[in-house]
Amino acid sequence: MGVQGLNHFMEKCCPDTCIKVNLRKMAEDHRAIYPYSTPTLVVDGMACVRQWYTCQAWVHGGQWKEYMYLLNQFVSAFSALGIRLVFYFDGTVEDRKRAEWVRRRLRSNRDIAKIFHFIKTHKQQPGKELFALPSGLPTFSRFALKSLGQEVKCSTREADFEIASYANSHAHDCMGILSQDSDFVIYDTVPYLSASKLCLKSMTTVLFSRERLCHVLELQKTELPVLACLLGNDFVPESCMRHVRDRAVNDHRSQYGQHEGEMFFALAQFMIKYHTDNGGYSDFFTLPLSMEEKELLENGRRSYVLPGQFIPFIGQEWCPPDKGCAMEKLVSASILQAVKEKHTRADCFLLYNVLYDGVVECSNTLEDAENMALPSQASVFQPLRERLYGLLMLQPTLTGDAEAVPAVKEWFVYSGNALVEPALVPPKQISDSEAWPDLRDLWLFKKDAEARPLQLSTFLAILDLREYAHLPDSIEEPLLVALCLITYIFLQVSDLSLEDLDAYLSQAVCVMFKLHPELAHIKVPCVDARAVQLGSLFVRGLTYLVAANSACGSPIAMDTLMPWRTFDGLLFHQKYLLAHTGQTPEELMEDQRSWISKFNTLREHVISACRSRGRPILTAPREGQQGPGRPGSEASSSAAASTPVHHGSPQSTSRPQHGSVPATYTPGDGFQPRVQRRPGRRAYRLAPRWPQNNPRPYHP
């Protein structure tokens, strides 16, 4: 969040405080001062993901191979200048920021509703004004950067504080912090560089100078934290000090009149009027505030004091208190230490939040609140999370009373959840007759070769897919990951058809053989709201597989679980539209025999697993959305035309062009299947409509 209006004030009202800098020159100057160090930038990952994701397509679930290419370009630009990068990502949401986190998530929910309304109305991706990051982007970015050889850290408390602390304690190496958070003007640390103003071509950006800001406002650097608190920041809500700002502005206007940026000048003059100097530090307890407000202001000021620095006025060196652990009495110290190390190295996901905080949060996902047939991702993956929590918290070597194990507090964003209180999700064992393996066996004590069978069986148990235990040696890991996730989704969601299965599986196979330029140039005739939600559901599911894999000691290579190995949004959307307009598996697999073989193998595994659980997969093609409330639309009815399933090899060897969809789209009339004829083949014909409650089963 940063300080309310500070970036705008410095850019628009005091442009001299914003200095255009050349990073090559900065690095050379840094080497001249510190000849034995490597110029380093600390990168605020959460502030940069929006700058990194510049792929044109975003609503379909993410263009992940293209995103990896863009990240590699970013890293290479700095490596070419000999600049080392250290990336920080938020690892937790502190209690004092929960209200702001909730406010932003609810606002994003309203934006997502607008996105789906636009899709249903125009059948296209919305413009930049409704842009939303693909699901899980910050989580996957950590692993992406690690795979590119970068140093990545995950915070255990407020990320801004850890970034500023790291930079301050490595001042001989760090030449700046790259972010978009004005709090870094307030911290007394290395220079703050703008991520949004960064130009990779020229390697220039803007430096926000705290020294020049102090000169303009006639304040000392030690006074900036109080200014930040009076304006409103992460620690002091904007509303708390509104009466102070109003009083300061009224006094300022009576003397100088109304002008742009008056709030900052007024507060600076207000502070100068009331402060006293005590031993070189400004004491603001003379401000006309209540004792509660003074205490809030003082605590807010202390939040900007970094380890090793002195607390203003008191003069005492600041040592931040250690963070407590929610499961300290229940889980062994060796496991907790291992979890913390994994977390800070960004080698895992969710484990630290469960065991140290007892709280897990999940941000917005592209989900259509009007489509009641598809449950939210929070609901779909809750059984998986319950078993994951059970593995972590119901250990056979619990140091405390197992009956006292608390439920995990979940702050999950989905339509209808006002986020007033967290949901309480209790940990769950595999079954009453089985116990989880010891985490020490999964993580610490056994060698890799000995531990992997146990790790893998535990991973499959969390997904409730133990019948797949024989598959890892016969199926490539990216396909095994896709198979596990798709099977899990189909077992949980009843409103999925054989066409949906073919879309999921065909894209999972095809994406392995396509490079990002080809994927980026895929064209789809329309955007389907249901396909958007299914794409986001798959990508969000990958984050839970990452968490399960982390908890089991990583029996599957973590890179294999990443979306750039298993998913592409445009490709999935293309396959979804093809599958729902009567295309055969052979056509979905672009007539590539080896691809068809992989597809058929995966398909039979999913169908068999679902059949054994009493979940037959039915064929139910859809005609596409025609707008809310119109006959035949998803909003008014999910009844769909039913299309025969074709088997056997195509009679023609001609292949469709990549990115083409043999159908036409007429704006305003919905997506109407009109399949093109191929030489020597009969045209597909749509069968009569079948009622929604009587779809035809598929019999392999």
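Values for this structure:
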{"read-out": "For region 1-68, with +1 on Lys and Arg beta carbons and -1 on Asp and Glu, the positive-most of GLN51, VAL3, GLY62 along the dipole", "value": "GLY62"}
{"read-out": "Cα gyration tensor category, rounded, prolate or oblate, for region 167-215 with a/c compared to 1.5", "value": "oblate"}
{"read-out": "Accessible surface of GLU94 - all protein chains present, 1.4 Å probe, nearest 10 Å²", "value": "40 Å²"}
{"read-out": "Largest-first ordering by accessible area, 1.4 Å probe, given options LYS329, LYS146, LYS120", "value": "LYS329, LYS146, LYS120"}
{"read-out": "Under 5 Å, built H, 5+ apart or other chain: amide partners of LEU178", "value": "VAL42, VAL43, ASP44, LEU193"}
{"read-out": "10 °C / 1.306 mPa s Stokes-Einstein diffusion coefficient of region 405-515, Kirkwood radius on C-alpha pairs, µm²/s", "value": "92 µm²/s"}
{"read-out": "Mean Cα-pair separation over length for region 45-111, i.e. relative contact order, pairs under 8 Å, 6 or more apart, %", "value": "32 percent"}
{"read-out": "Derived scalar couplings ³J(HN,Hα) [region 600-610; Karplus, 6.51 cos²θ - 1.76 cosθ + 1.60; whole Hz; x for Gly, Pro]", "value": "4, 4, 5, 4, 5, 5, 5, 4, 5, 5, 5"}
{"read-out": "Gain upon complete extension [LYS128, PHE513; 0.36 nm per residue less C-alpha separation]", "value": "135.6 nm"}
{"read-out": "Calculated P(r) of region 515-571 - Cα pairs past 12 Å, %", "value": "70 percent"}
{"read-out": "Proximal aspartates and glutamates to LYS273, defined as alpha-carbon separation beneath 17 angstrom and excluding residues fewer than eight positions away on the same chain", "value": "GLU218, GLU223, ASP246, ASP251, GLU262, ASP283"}
{"read-out": "Peptides ranked, highest mean first, by Cβ atoms within 10 Å: ranges 61-67, 437-443, 258-264", "value": "61-67, 437-443, 258-264"}
{"read-out": "Per-residue ³J(HN,Hα) for region 250-266, Karplus 6.51 cos²θ - 1.76 cosθ + 1.60, θ = phi - 60°, Hz, x for Gly and Pro", "value": "4, 4, 5, 5, 5, 9, 10, x, 7, 7, 5, x, 4, 4, 5, 5, 5"}
{"read-out": "Nearby lysines by direct alpha-carbon distance to LYS201 (threshold 21 angstrom, same-chain neighbours under 8 apart not counted)", "value": "LYS20, LYS25"}
{"read-out": "Accessible solvent surface per residue of region 30-150, calculated while the other protein chains remain in place, 1.4 angstrom probe, Å²", "value": "42 Å²"}
{"read-out": "Of every Cα-Cα pair in region 519-631, the percent that sits beyond 17 Å", "value": "69 percent"}
{"read-out": "Rg(Cα) / (2.2 N^0.38 Å) computed for region 440-575, rounded to two decimals", "value": "1.12"}
{"read-out": "Whole-Hz couplings from phi, Karplus 6.51/-1.76/1.60, listed for region 576-582; x for Gly and Pro", "value": "4, 5, 5, 4, 8, 10, x"}
{"read-out": "Accessible surface, 1.4 Å probe, highest first, among residues SER37, SER155", "value": "SER37, SER155"}
{"read-out": "Pairs from LYS114/LYS409; LYS65/LYS114; LYS153/LYS340 whose Cα-Cα separation, in the structure shown, is over 22 Å", "value": "LYS114/LYS409; LYS65/LYS114"}
{"read-out": "Per-peptide average of other Cβ atoms within 10 Å, ordering 466-477, 587-598 highest first", "value": "587-598, 466-477"}
{"read-out": "Proximal charge balance of MET512 [Cβ under 9 Å; K/R count +1, D/E count -1]", "value": "+2"}
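The values are calculated or read from the model by the stated rules, or taken from the named source; none is laboratory data. Quick caveat: nothing in here was measured; it's all calculated off a predicted structure. Quick reminder, even Gly has a Cβ in these numbers, built from the backbone with ideal geometry, and neighbours come from all protein chains shown. With ligands, DNA and RNA removed, areas are computed over all heavy atoms of the protein, side chains included. Shrake-Rupley method; radii C 1.70, N 1.55, O 1.52, S 1.80 Å.
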